[in-house]
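Worksheet for the structure shown next.
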Amino acid sequence: MADATFTHTTPRRIWPADAAGPRPRKRFSQRNIIIYSLLAVLALYYLLPLYVMMVTSLKGMPEIALGNIFAPPTEITFEPWVKAWSTVCTGLNCDGLSRGFWNSVKITVPSVFFSIAIASVNGYALSLWRFKGANVFFTILIIGAFIPYQVMIYPMVILLREIGIYGDLSGLVLVHTIFGMPILTLLFRNYFSSVPEELFKAARVDGAGFWAIYFRIMLPMALPILVVAVILQTTAIWNDFLFGVIFSRPTNYPMTVQLNNIVNSVQGVKEYNVNMAATLLSALVPLTIYLISGKLFVRGIAAGAVKG
Amino acid sequence: MQSNVSIKNLRLEYGPVAVLKDLDLDIGKGEFLVLLGSSGCGKSTLLNCIAGLLEPTDGSIFINGQNVTWAEPSERGIGMVFQSYALYPQMTVEGNLTFGLRNAKVPKDEIKRRVAKASDMLQIQPLLSRKPAALSGGQRQRVAIGRALVRDVDVFLFDEPLSNLDAKLRAELRVEIKRLHQRLGNTMIYVTHDQVEAMTLADRIAIMRGGVVLQLAAPKEIYNRPAHKYVADFIGSPAMNFLDAVIDPREPLIARAGDLAIPLEHYDFERHGHTGPVWFGIRPENLATGDAANSAPVQVDLIAELVEPMGAETLVWSTLFGTPFKLRMDGQARIEAGDVVRVGLDPKLASIFDKSDELRV
């Protein structure tokens, strides 16, 4: 077709006549080089602080005093890590971060368990059983998610005092369970809404009741969203500082509060290496969880987010 | 015939919208009833009400003579098969089949016996230890039917069970369901929007629109003597042709459409002496062509505008008095677009509907 009116449809490039199989691709095109160098710079920018913390925590104090924070340690020492874990003092206690670590475990494990247990039943009931007033109930719950925490702290303190568990670990667990409710319920409700309704109908015809359907059909199907909920809650509760400092007494302080007390202590020499080690120790739990379950997390978030 | 499922004055409202309007229906023991209609007509809603999955606003439902209006789905003596199969994904096929029986605390050896019988009947024994994800669509639907089967109930409810399958499998399973019905003799209520399924399976078809049953009759009766214009239009593919016509009170045995005078002496009237504006309906397959056309009481010449050869038959699209007009010819007929065809029309095979209430005349 050499006709002038058709020139705009002729291909710009002539492919070889013996072309077969997948089209060859250039590995280093101009575009790729720009994208990868940009990504590399960004990754470096975010990894740099971690690197500084890492190397500092492995140096001795004299070396830190030289002031060269990017230099790798000339002599690697694990002393600061040991000290941060077992002997560093906060107030009168000198048993290191280990106390805070076990407090955090005692707070996080039951809080995560109870909040997810209750929220998943909530979400299941709200999406599938549609009782009267379900929408009103759900709206109230969602509004709860938007009220700033500060508004509720003082009433909460009084409430816990009246019940008699103010300062106890159980009080803190209760607070975490309650505050996790709106977002978790939303998460589970959306997930269960995406479960085909016919499945639920079939189970009812098969004579399964509220709990039988929940435990034997819905919960086994909810594994991806359970993983998401566990990750969200574990990191949120482990990293929590505000509720920890307000609702517990010094012997019950979670790791974050204890870390703050170590780093911000005004007496004596600032032991940067110990502070860095302590900070890394505190971050270890959420970090491990993300690394292990990153893929599952993304999959679950996508599964729950599609339907609203 | 003893009635097995009976629905009295059933009404279901969502706020101001009535989905089912004071519906009455009696289904005999061992009968295969098909609820047919386009989407939104209330057929699935009715089935869900019978199953106990939806609560009616008013009216009652009887199964085996017992009022089950307020009974739980599992207490009604029904088994149900769903469009999406609704198999429990984390259970094996056997787990799926036995879930209901385990809930009802049926003894173990009895469960075993029933599973063996059902899986034998549906040929799913090799699949028993598999998970639903490892099954094809047809196998999944077989398992879903098996799940209803093991419940050993009198009434089976099918909610568009074949709609998710491809055409070939659909035809296969359709035959299988019919065979199952012949063997078991259970009452079956079957919801579909597919007229072929309805015509082939049903003892009786209930055609629904807007929450009411327009006609409840045997498939042949529905095809030959539709009681409502909607029914006539819905059943049959391609759909019935409708001509704008008038029956003059001065000559009540002649329908005039365009310049055509159609004698009605042999038409089987539902309402004798009815006059006024009407729809004159005739099925594309009831139009005669060729030599047969010349002996028909009424003849018209049509121009073929579009020809669709389908192998066994050929479909011809044309226009008569400004309305589209289809006719069905033999597959071997030699015809091309632009040809003139002589068409013979027999009023005996026609259906006439009043224009105001759309009911059969």
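Here are some notes:
- Given (1) out of contact with any strand residue (DSSP E or B) (no Cβ under 6 Å at 6 or more places or on another chain); (2) open to solvent by less than 10 Å² (accessible area, probe 1.4 Å); (3) not basic (Lys, Arg), number of the condition A:ALA212 does not satisfy: (2)
- Test: residue in region A:168-184 that is crowded, with 19+ Cβ neighbours inside 10 Å and aromatic (Phe, Trp, Tyr): yes
- Evaluation of A:THR90 against the conditions (1) within 30 Å of A:ASN264 (Cβ to Cβ); (2) at pLDDT 85 or above shows that the sole unmet condition is (2).
- With respect to the conditions (1) without any contact (Cβ under 8 Å) to a residue 60 or more places away in the chain; (2) under 25 Å from the mean Cα position of the chain (by Cα), B:MET91 falls short on a single one, namely (2).
- Given (1) among the polar types (S, T, N, Q); (2) surrounded by fewer than 14 Cβ atoms within 10 Å (Cβ to Cβ); (3) part of a helix (DSSP H, G or I), number of the condition A:ASN68 does not satisfy: (3)
For every residue, the table says whether it meets (1) farther than 30 Å from B:GLU265 by Cβ; (2) assigned by the TED database to the domain that holds B:LEU243; (3) open to solvent by 70 Å² or more (accessible area, probe 1.4 Å).
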position: B:GLY290; (1), (2), (3): no, yes, no
position: B:SER295; (1), (2), (3): no, yes, yes
position: B:VAL298; (1), (2), (3): no, yes, no
position: B:GLU305; (1), (2), (3): yes, yes, yes
position: B:PRO309; (1), (2), (3): yes, yes, yes
position: B:THR314; (1), (2), (3): yes, yes, no
position: B:THR319; (1), (2), (3): no, yes, no
position: B:PRO324; (1), (2), (3): no, yes, yes
position: B:ASP330; (1), (2), (3): no, yes, yes
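- Of all residues in region B:156-182, those satisfying the criterion of being in contact with a Ser or Thr (Cβ under 8 Å, 6 or more places away or on another chain) and acidic (Asp, Glu) are B:ASP159, B:GLU160.
- Taken over region A:141-165, the criterion of being assigned to a helix (DSSP H, G or I) and under 25 Å from the mean Cα position of the chain (by Cα) is satisfied by A:LEU141, A:ILE142, A:ILE143, A:GLY144, A:ALA145, A:PHE146, A:TYR149, A:GLN150, A:VAL151, A:MET152, A:ILE153, A:MET156.
Okay, residues lined up against (1) among the β-branched types (Val, Ile, Thr); (2) buried (at least 16 other Cβ atoms within 10 Å of the Cβ); (3) closer than 30 Å to B:LEU10 by Cβ:
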| residue | (1), (2), (3) |
| --- | --- |
| B:ASN67 | no, no, yes |
| B:THR98 | yes, yes, no |
| B:GLU110 | no, no, no |
| B:VAL115 | yes, yes, no |
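- Residue in region A:184-200 that is among the β-branched types (Val, Ile, Thr), out of contact with any His (no Cβ under 6 Å at 6 or more places or on another chain) and away from every other protein chain (no Cβ under 14 Å) present: yes
- Test for B:GLY52: is it of a type outside the set (A, V, I, L, M), crowded, with 18+ Cβ neighbours inside 10 Å and touching a residue at least 60 places away in the same chain (Cβ under 8 Å): no
- Region B:193-287 holds helices (runs of 4 or more DSSP H) entirely within its bounds, and those carrying 1 or more residues that are in contact with a Phe, Trp or Tyr (Cβ under 9 Å, 6 or more places away or on another chain) and small (Gly, Ala, Ser) map to B:195-201, B:229-234.
- Selection within region B:23-54 - part of a strand (DSSP E or B) and either among the aromatic types (Phe, Trp, Tyr) or touching a Leu at 6+ places or on another chain (Cβ under 7 Å) (or both): B:LEU23, B:ILE27, B:PHE32, B:VAL34, B:LEU35
- Output for region A:244-261, where each listed residue is farther than 15 Å from A:TRP102 by Cβ, surrounded by fewer than 21 Cβ atoms within 10 Å (Cβ to Cβ) and not charged (D, E, K, R): A:VAL245, A:ILE246, A:ASN260, A:ASN261
- The listed residues are B:ILE205, B:ILE222, B:ILE189, and the only one of them that is under 30 Å from B:SER318 (Cα atoms), modelled with pLDDT of 90 or more and either crowded, with 24+ Cβ neighbours inside 10 Å or not hydrophobic (A, V, I, L, M, F, W, C) (or both) turns out to be B:ILE222.
- Scanning region B:55-64 for residues that are of a type outside the set (Gly, Ala, Ser), outside any loop (DSSP other than H, G, I, E, B) and surrounded by fewer than 20 Cβ atoms within 10 Å (Cβ to Cβ) gives B:ASP58, B:PHE62.
- Matching residues, region A:62-87, being modelled with pLDDT under 85 and either within 24 Å of A:ARG99 (Cβ to Cβ) or among the basic types (Lys, Arg) (or both): A:THR87
- Residue match in region A:22-41 (condition: open to solvent by less than 80 Å² (accessible area, probe 1.4 Å), among the hydrophobic types (A, V, I, L, M, F, W, C) and out of contact with any helix residue (DSSP H, G or I) (no Cβ under 9 Å at 6 or more places or on another chain)): yes
- Region B:36-47, residues that are within 14 Å of chain A (Cβ to nearest Cβ) and open to solvent by less than 10 Å² (accessible area, probe 1.4 Å): B:LEU47
- Checking each residue in region A:215-237 for being open to solvent by 10 Å² or more (accessible area, probe 1.4 Å), farther than 22 Å from A:VAL175 by Cα and either acidic (Asp, Glu) or out of contact with any Gly (no Cβ under 7 Å at 6 or more places or on another chain) (or both) picks out A:PHE215, A:ARG216, A:LEU219, A:PRO220, A:MET221, A:LEU223.
- Test for B:LEU97: is it under 24 Å from B:GLU176 (Cα atoms) and touching an Asp or Glu at 6+ places or on another chain (Cβ under 9 Å): no
- Here A:MET218 passes the criteria (1) outside any helix (DSSP H, G or I); (2) within 14 Å of chain B (Cβ to nearest Cβ) except the one numbered (1).
The values are calculated or read from the model by the stated rules, or taken from the named source; none is laboratory data. Quick caveat: nothing in here was measured; it's all calculated off a predicted structure. Heads up, the Cβs are rebuilt from the backbone with ideal geometry, glycines too, and the neighbour counts pull from every protein chain shown. We work out accessible area using only protein heavy atoms, side chains counted, and drop any ligands, DNA or RNA first. Shrake-Rupley method; radii C 1.70, N 1.55, O 1.52, S 1.80 Å.
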